[in-house]
Amino acid sequence: MYPPALFRFFILSAFLLNHLVWASLRDVPVKPRAGRNFLLSRNATGGYPGDDLSELHKRDGQKYVFMHVIVGSNYSYSQSDWTADFQRMQSKGVDAAALNIGSDAFQQDHVASAYAAAQAMGNTFKLFLSFDFTAMGCNVDDLVSRTNQYANHPSQFKVNGKPMISSFQGDCLGDSGWSNLKSRTNGYVMPFISGLENQFGSWPSLDSWLCWGCAWPQGDYDKTTQDDEYYINQLGSRFATTVSGWMFSHYNGKNLYLRGDDWLINNRWEQLVSIRDQITFVEMPTWNDFGESDYFGPLTSNMPAGTTWATGFPHDAWFDMSAYYISAYKTGSYPQITQDVIYYWARPHPASATPSADPIAKPSGWDWTEDSLWAAVFATSPGTVSLQCGSSSQTFNVQAGVSKLKIPLSPGKITVQMVKNGATVINQTPNDFTFVSNPTIYNLNVYVGSAQASGQSNPTTTQARTTEGARTASSSSQPTTTASDNGFISLGCVAEGTTGSRRALTGPSFTGRQDMTPQVCESLCSGFQYAGVEYGTECYCGNSLTNNGATGGVISSSNCNVPCAGDPSQMCGAGWTLSVYTKNQSGGGPTITSTATQTGPTPTGFTSLGCVAEGTTGPRRALTGASFTRSDMTPQVCQSLCANFQYAGVEYGDECYCGNSLTNNGATGNVIPSSNCNVPCAGDSSQMCGAGWILSVYTRGQSGGGGSSPTTTSTATQTGPTATGFTSLGCVAEGTTGSRRALTGLSFTRSDMTPQVCQNLCAGFKYAGVEYGDECYCGNSLTNNGATGAVISSSTCNTQCAGDSSQVCGGGWALSVYTQDQSWTSAGCYTDASVRLLNGPMTSQTGMTTETCVAFCSSQGYSIAGTEYGTQCYCGNQLSKAGGAGSLASSGDCNMPCGGNPSQTCGAGWRVNVYTKPGTSLKRHLNTRFIRAIDVV
């Protein structure tokens, strides 16, 4: 129920002034429907009150959708950038872009570039100007000049031959000013001007009026059409409205959240479809207003300074989903769903959390949102969908069509799955999002992702060169079972994805290396679950194989046919095809012996639990983690695939299921007679792989069944590489307050943990500390959270290392600490350019800090690290001076807070904070010749 008072909705202009200076606040009222019946009544001539009958034929069934674009946010855009944006908008059904412009001269150049891009597309996509009066003056002559410059452009959007003119605000012109603008341009005006409720009769110059605030609910309730009905009653066909998915901003002067819960984006579109006979124009705010979190376009390097809440939080899947609704709005009927897709979104921390390092207070409206993972499932036929976030999970039966689902959020990763006819067609865990309980800063923005079902396809490959001595590729897709010295075993040949960057592995990447072999790649990816070599010279790392449309399924090894540059006797993938290796969790090579029993040796620290029946409810799956169907299936293959889970279960010959509990969906987890598991494995007929709805289950350590998670102690020796420069400090107690962590940099939990592994992970920090057998903590200070940093008795550090039981890795709340004497030093602020100041690997993450970047570059073997734009990290061994990069800038130019520690600065737009390893002489490189070396002070 709407309260009787007028709601006040504050919108910050996303217009950028002089490189990322925000304009003044917008004050946008949205009126509720009054307390009376709003049945629309036609007047005697057949129109609604306020209709201009000369314009009514624009409502002949044609519907238009516009995208609001902040020109000032695209300050480095070229014509090709505009073209890419417009093509994407047009592909989803958007008819025109409303170009929000201010007074800066550079924006006029960008407008010209935008119109040129639209014309180069054949003038099929249209544009019109939207004057932002929070960022420009109210000079009618200036407005007339700007409008007439494009009034007759072939890409100008027109209504009945009149150029469309829109605005954000504009009451400063008054009705006479708008009338003057119309008469001198022959324009059709559709502004948003606040405060005109019940006064529209005094503004006869307005051809339409855009309700900007109608896109969002203005309180703690779901969005309805009541606002639309209120304005339609006053405006009739002159009413135009909006649709958006989210609203959150976290500036000192603008700190608010508007309720986006309960599938706002889906419900709002459905509302507009239901009243489509009453509206002609719908506008989508916005393509690129990152400061307000209401963007539909992709994340770009033009994001404004300080918008940490947008960095790493894509929304473009919402735009992809909107194509379905745009079609329905325009045609009056929903299109057929031809592709199974799960769209999902979530905030990164509890709404009530108190961040540890945020100088800005909680945003208004924080208590209007619930901690849920939201999903919209587009299904071509019935199936089951499983949603998981951390320990929270639920499986749903879905029918053909659109299903809206949600589950509570819990700390951890998101996984979405779809199963049809017993086959898993979607299984995605984004590796760039984690829901956390204790954030550093507030962020009520959402991460929006999508997972699309795709059939296995044969990617384009390149014919392998003929090399004497090159090995002959086997036609079998069964993975090699020999473990490498780096603790990896071969998983097989895996196709890259089909969307976005197409990369199945989205961690660090290394290309163009002439020494590339699987072993080299495994060393580079030592901190990740997977290592993949491709096209002879490339290496990719990651913890998930199902990114960017990749299925992670193993294909015939004959597809991986390009010899490795560093050893032609080995194969290193092919074109868009990876030779993938996965971590052998036990740290040693597997011993696989063919046996027809259920208790054969296993390669990954698993032991046989026995034969277990599936459940009796829902999808019936006892194990609800990852699932795989493979023609080379064996218990050993399944255990490798389930390396990060407590249980691995093979079923019906070629199926593999993973999970941490055996009692889901009505399953008891009890062991039944082994005679029930009687289907030979597809990859080795001498072994048994379950049966119909019956699993052959393997577990880590000894288990009593019933879904328990037994504790195991690894006895594998894992010496690992020794990190140079560290010496033992001794046993140090954790703190007594807050999180109790003495070391507050990076942290890791690994089954192969040793002091040496931890030291490598903490290479960019002063201290490395191992704790409780499998934990590693990094930092530059030992006195956080009440810790004194004092060395205590070594007997307190008495827990064997998970990766080497002959070594000790701390104890309960006690660290075995190692220190290195020298730390990396700052070399100043430098300019960057598209050719990049540092040309080594890069990484981007929302929690970026100086220490995180230094640790990453150190672990990759580089001597220079650079942080940029709050969340980006670049590595190299020399500075490139090309295209404007490599100039020493003022330290004040590097002014963007680090995403993971706002007290630090991580460069800015095209500005890099540079750090060097001890003993590094900073050099700048121009083309192929070194120029004068500059010593680090």
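The values are calculated or read from the model by the stated rules, or taken from the named source; none is laboratory data. All figures in this text were calculated on a predicted structure; none of them were measured in a lab. Virtual Cβ from ideal backbone geometry, glycine too; neighbours counted across all protein chains shown. The protein model used for the area step is the full one, side chains on, heavy atoms only, and it has no ligands, DNA or RNA in it. Shrake-Rupley method; radii C 1.70, N 1.55, O 1.52, S 1.80 Å.
Within the range 168-198, track down each residue that is assigned to a helix (DSSP H, G or I), under 15 Å from residue 130 (Cα atoms) and open to solvent by less than 20 Å² (accessible area, probe 1.4 Å). Listed by number, the residues that qualify are 173, 178, 181, 185.
Filtered by the rule that a residue be open to solvent by less than 40 Å² (accessible area, probe 1.4 Å) and not in a loop (DSSP other than H, G, I, E, B), the range 494-532 gives 494, 495, 510, 518, 520, 521, 522, 524, 530, 531, 532. Counting only residues that are over 30 Å from residue 338 (Cβ atoms) and touching a residue at least 60 places away in the same chain (Cβ under 8 Å), the range 355-382 holds 16 of them.
Considering only residues in the range 771-781 that are crowded, with 24+ Cβ neighbours inside 10 Å and over 23 Å from residue 488 (Cα atoms), the one that is modelled with the lowest pLDDT turns out to be 778.
All conditions in (1) surrounded by fewer than 18 Cβ atoms within 10 Å (Cβ to Cβ); (2) under 27 Å from residue 909 (Cβ atoms); (3) among the hydrophobic types (A, V, I, L, M, F, W, C) hold for residue 813, with the sole exception of (2).
State whether the residues of the range 83-94 include one that is under 27 Å from the mean Cα position of the chain (by Cα), hydrophobic (A, V, I, L, M, F, W, C) and surrounded by fewer than 19 Cβ atoms within 10 Å (Cβ to Cβ). Yes, the range 83-94 contains at least one residue that is under 27 Å from the mean Cα position of the chain (by Cα), hydrophobic (A, V, I, L, M, F, W, C) and surrounded by fewer than 19 Cβ atoms within 10 Å (Cβ to Cβ).
Say whether the condition of being over 31 Å from the mean Cα position of the chain (by Cα), of a type in the set (A, V, I, L, M, F, W, C) and part of a loop (DSSP other than H, G, I, E, B) is met by at least one residue in the range 809-829. Taking every residue of the range 809-829 in turn, at least one turns out to be over 31 Å from the mean Cα position of the chain (by Cα), of a type in the set (A, V, I, L, M, F, W, C) and part of a loop (DSSP other than H, G, I, E, B).
Residues in the range 383-437 that are assigned to a strand (DSSP E or B), within 16 Å of the chain's Cα centre (by Cα) and free of Cβ contacts under 8 Å to residues at least 60 places away in the same chain: 389, 412. Cβ separations smaller than 6 Å between residues 6+ apart or across chains give the following pairs from the range 156-171 residues that are among the charged types (D, E, K, R) to residues that are assigned to a strand (DSSP E or B) and open to solvent by less than 10 Å² (accessible area, probe 1.4 Å): 162/188.
Hey, among the residues in the range 199-221 that are under 30 Å from residue 366 (Cβ atoms), open to solvent by less than 10 Å² (accessible area, probe 1.4 Å) and assigned to a loop (DSSP other than H, G, I, E, B), which one's modelled with the lowest pLDDT? That would be 219.
Would the range 356-378 turn up any residue that is open to solvent by 60 Å² or more (accessible area, probe 1.4 Å) and assigned to a strand (DSSP E or B)? Yes, that holds for at least one residue.
Of all the numbered requirements in (1) open to solvent by less than 30 Å² (accessible area, probe 1.4 Å); (2) within 19 Å of the chain's Cα centre (by Cα), residue 320 misses one, and that requirement is (1). Criterion first (modelled with pLDDT of 85 or more, hydrophobic (A, V, I, L, M, F, W, C) and open to solvent by 40 Å² or more (accessible area, probe 1.4 Å)) does residue 864 satisfy it? Answer is no for this residue. Among the residues of the range 263-299, those that are among the hydroxyl-bearing types (Ser, Thr, Tyr), touching a residue at least 24 places away in the same chain (Cβ under 8 Å) and either part of a loop (DSSP other than H, G, I, E, B) or touching a helix residue (DSSP H, G or I) at 6+ places or on another chain (Cβ under 7 Å) (or both) comprise 280, 286, 293.
Taking the range 777-805 as the range and being part of a loop (DSSP other than H, G, I, E, B), within 17 Å of residue 728 (Cα to Cα) and of a type in the set (A, V, I, L, M) as the test, the residues that pass are 782, 790. Evaluate the following for residue 831: is it touching a strand residue (DSSP E or B) at 6+ places or on another chain (Cβ under 6 Å), closer than 22 Å to residue 748 by Cβ and surrounded by fewer than 24 Cβ atoms within 10 Å (Cβ to Cβ)? So residue 831 does not fit the description; no. Please determine whether any residue of the range 749-759 is open to solvent by less than 20 Å² (accessible area, probe 1.4 Å), within 33 Å of the chain's Cα centre (by Cα) and of a type in the set (Val, Ile, Thr). Checking the range 749-759: at least one residue is open to solvent by less than 20 Å² (accessible area, probe 1.4 Å), within 33 Å of the chain's Cα centre (by Cα) and of a type in the set (Val, Ile, Thr). Answer yes or no: is there a residue in the range 62-76 that is open to solvent by less than 40 Å² (accessible area, probe 1.4 Å), among the aliphatic types (A, V, I, L, M) and either farther than 27 Å from residue 327 by Cα or at pLDDT below 90 (or both). No; the residues of the range 62-76 include none that is open to solvent by less than 40 Å² (accessible area, probe 1.4 Å), among the aliphatic types (A, V, I, L, M) and either farther than 27 Å from residue 327 by Cα or at pLDDT below 90 (or both). Kindly indicate the residue of the range 95-115 that is at pLDDT below 90 and not in a helix (DSSP H, G or I) and also most open to solvent (accessible area, probe 1.4 Å) among those meeting that condition. Ranking the candidates gives 103 first.
Evaluating residue 129 against the criteria (1) touching a residue at least 40 places away in the same chain (Cβ under 8 Å); (2) buried (at least 22 other Cβ atoms within 10 Å of the Cβ); (3) under 32 Å from the mean Cα position of the chain (by Cα) leaves one unmet condition, (1). Residue 235 falls short on exactly one of the conditions (1) more than 30 Å from residue 500 (Cβ to Cβ); (2) in contact with a Ser or Thr (Cβ under 7 Å, 6 or more places away or on another chain), and that condition is (2).
With the requirement that a residue be of a type in the set (A, V, I, L, M, F, W, C) and open to solvent by 50 Å² or more (accessible area, probe 1.4 Å), what does the range 869-889 give you? Across the range 869-889, the qualifying residue is only 888. Evaluate the following for residue 671: is it under 22 Å from residue 488 (Cα atoms) and not acidic (Asp, Glu)? Considered against the rule, which asks whether it is under 22 Å from residue 488 (Cα atoms) and not acidic (Asp, Glu), residue 671 comes out as no. Residue 799 falls short on exactly one of the conditions (1) polar (S, T, N, Q); (2) within 29 Å of residue 606 (Cβ to Cβ); (3) open to solvent by 40 Å² or more (accessible area, probe 1.4 Å); (4) in contact with a strand residue (DSSP E or B) (Cβ under 6 Å, 6 or more places away or on another chain), and that condition is (3). Number of residues in the range 864-900 that are part of a loop (DSSP other than H, G, I, E, B) and in contact with a Gly (Cβ under 8 Å, 6 or more places away or on another chain): the value is 8.
Would you say residue 272 is surrounded by 18 or more Cβ atoms within 10 Å (Cβ to Cβ) and in contact with a Pro (Cβ under 8 Å, 6 or more places away or on another chain)? No. Across the range 612-638, the number of residues qualifying as open to solvent by 10 Å² or more (accessible area, probe 1.4 Å) and among the hydrophobic types (A, V, I, L, M, F, W, C) comes to 4. Within the range 595-615, is even one residue at pLDDT 75 or above and either of a type in the set (D, E, K, R) or under 32 Å from the mean Cα position of the chain (by Cα) (or both)? Yes, there is a match, as at least one residue in the range 595-615 is at pLDDT 75 or above and either of a type in the set (D, E, K, R) or under 32 Å from the mean Cα position of the chain (by Cα) (or both).
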